[in-house]
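Structure first, commentary second.
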Amino acid sequence: MNVENLFGYNVIQYTLVSHVLTLGFAVMAAGLVYFLATRGSAAPRYQLASVLSAVVMVSAFFELWVLSERWRQAFTWNGTAYVQTDVLFSNGYRYMNWSIDVPVLLIQLLIVLGITGRAFHLNWAMFVVGGLGMIYTGYAGQFYEVDRSAPYWIWGLVSTAFFLFLLVLVARVIFGSLARLPESARGPARAVWWLVLVSWLLYPGAYLMPAMWDSADGVVARQITYTVADITSKVIYGVLLSVIARKVSAAEGYAPAVEDDVARPRGGITAAAR
Ligand code: RET
């Protein structure tokens, strides 16, 4: 049971959550178009990363859509406030979505950074095990968020251990690859590290929200936090990876990547104006 079901909401609180959930799935639909349309800008061996971004978009689109419908069904206007119906709102859907998205997001990183062979399979396995371990222990803990009894804190801590393990792996993969990357891709690769660090930290923040801010406003803050985290960790992250894939492809001499680089000076009017 989630704290969302404990409160009544005024018009602003109720609508804010409704809007923010809608923003979430609308951005995923937009991302889907972007990733499919720009897939060809990278060399074939990196194109799987775009396909995987599209997979993440579809899965998140449906999850956020369902969540948004749940929000609508779980509360009804009684003349003064939005109050509970007999439908429960549940953040558990998010955790199910992460079990698809977290492993897929991490594997994309290996593809784009050009990790191959044994290192690819080893990191792949550790990402899947670490990711699922983090998600399902957190999933077990969130059932206890209302009274915040021992399992909430214990599962939260176990989940955090998996999370730290993943962060170390991601840092190793990114910083261990920098020297091999063309100069043009190193900036975006470092940016991926900071993006992962900041955007992933928002999820434990949302988990802890009931302990920090146990009210209707806290619920609004939590759903905003989740949405910002979803947009940054899935869409912005995917865009950054697609930029890296294009830069690496261009450096490898893949003609469509060179052609598609909109920021590359080509002479003509822009050059003449300088
Ligand atoms: C939980 C439980 C409390 C402790 C920690 C957690 C971490 C969750 C994370 C989720 C990331 C999800 C992503 C989804 C993208 O689609 C499970 C909330 C540390 C880091 C990136």
- [ ] Please indicate, with yes or no, whether at least one residue in region 152-172 is within 8 Å of the ligand (Cβ to nearest atom), of a type in the set (Gly, Ala, Ser) and open to solvent by less than 30 Å² (accessible area, probe 1.4 Å).
- [x] yes
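Considering only region 213-234, state which residues are more than 13 Å from the ligand (Cβ to nearest atom), open to solvent by 30 Å² or more (accessible area, probe 1.4 Å) and in a helix (DSSP H, G or I).
Those that are more than 13 Å from the ligand (Cβ to nearest atom), open to solvent by 30 Å² or more (accessible area, probe 1.4 Å) and in a helix (DSSP H, G or I): Asp217, Ile224.
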TODO: List every residue pair whose Cβ atoms lie under 8 Å apart, where the two residues are 6 or more positions apart in sequence or sit on different chains, the first residue falls within region 155-168 and is farther than 12 Å from Trp200 by Cβ and among the hydrophobic types (A, V, I, L, M, F, W, C), and the second residue, located anywhere, is open to solvent by 60 Å² or more (accessible area, probe 1.4 Å) and more than 8 Å from the ligand (Cβ to nearest atom).
DONE: Trp155/Tyr144
TODO: Give me a count of the residues in region 183-195 that are surrounded by 17 or more Cβ atoms within 10 Å (Cβ to Cβ) and either closer than 14 Å to Phe163 by Cβ or among the acidic types (Asp, Glu) (or both).
DONE: 0
Task: Of all residues making up region 54-110, the number that are closer than 30 Å to Asn10 by Cβ and β-branched (Val, Ile, Thr) - done: 6
Task: Number of the exception - Ser68 against (1) touching a Leu at 6+ places or on another chain (Cβ under 8 Å); (2) farther than 20 Å from Thr232 by Cα - done: (2)
TODO: Only residues in region 196-211 that are open to solvent by less than 20 Å² (accessible area, probe 1.4 Å) count as the first member; pair them with residues that are more than 7 Å from the ligand (Cβ to nearest atom) and not in a helix (DSSP H, G or I), Cβ under 6 angstrom, at least 6 apart or cross-chain, and list the lot.
DONE: Pro210/Glu145
Open item on the list: Looking at region 127-140, I want the residues that are touching a residue at least 60 places away in the same chain (Cβ under 8 Å) and have a partner that is open to solvent by less than 30 Å² (accessible area, probe 1.4 Å) with Cβ atoms under 7 Å, at least 6 apart or on another chain. Which pairs are those?
Closed with: Gly138/Tyr95; Gly138/Gly156; Gly138/Ser159; Gly138/Tyr207
Open item on the list: Among the numbered criteria (1) over 28 Å from Ala43 (Cβ atoms); (2) within 16 Å of the ligand (Cβ to nearest atom); (3) not β-branched (Val, Ile, Thr), which one does Tyr237 miss?
Closed with: (1)
Open item on the list: I'd like to check something: does region 262-274 contain any residue that is at pLDDT 95 or above, more than 16 Å from the ligand (Cβ to nearest atom), surrounded by fewer than 16 Cβ atoms within 10 Å (Cβ to Cβ) and not aliphatic (A, V, I, L, M)?
Closed with: no
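The values are calculated or read from the model by the stated rules, or taken from the named source; none is laboratory data. Note that the structure is a prediction, hence the values are computed from the model and not measured. FYI the Cβ positions are ideal-geometry reconstructions off the backbone, even for glycines, and counts take in every protein chain you see. Ligands, DNA and RNA are excluded from the accessible area calculation, which covers all protein heavy atoms including side chains. Shrake-Rupley method; radii C 1.70, N 1.55, O 1.52, S 1.80 Å.
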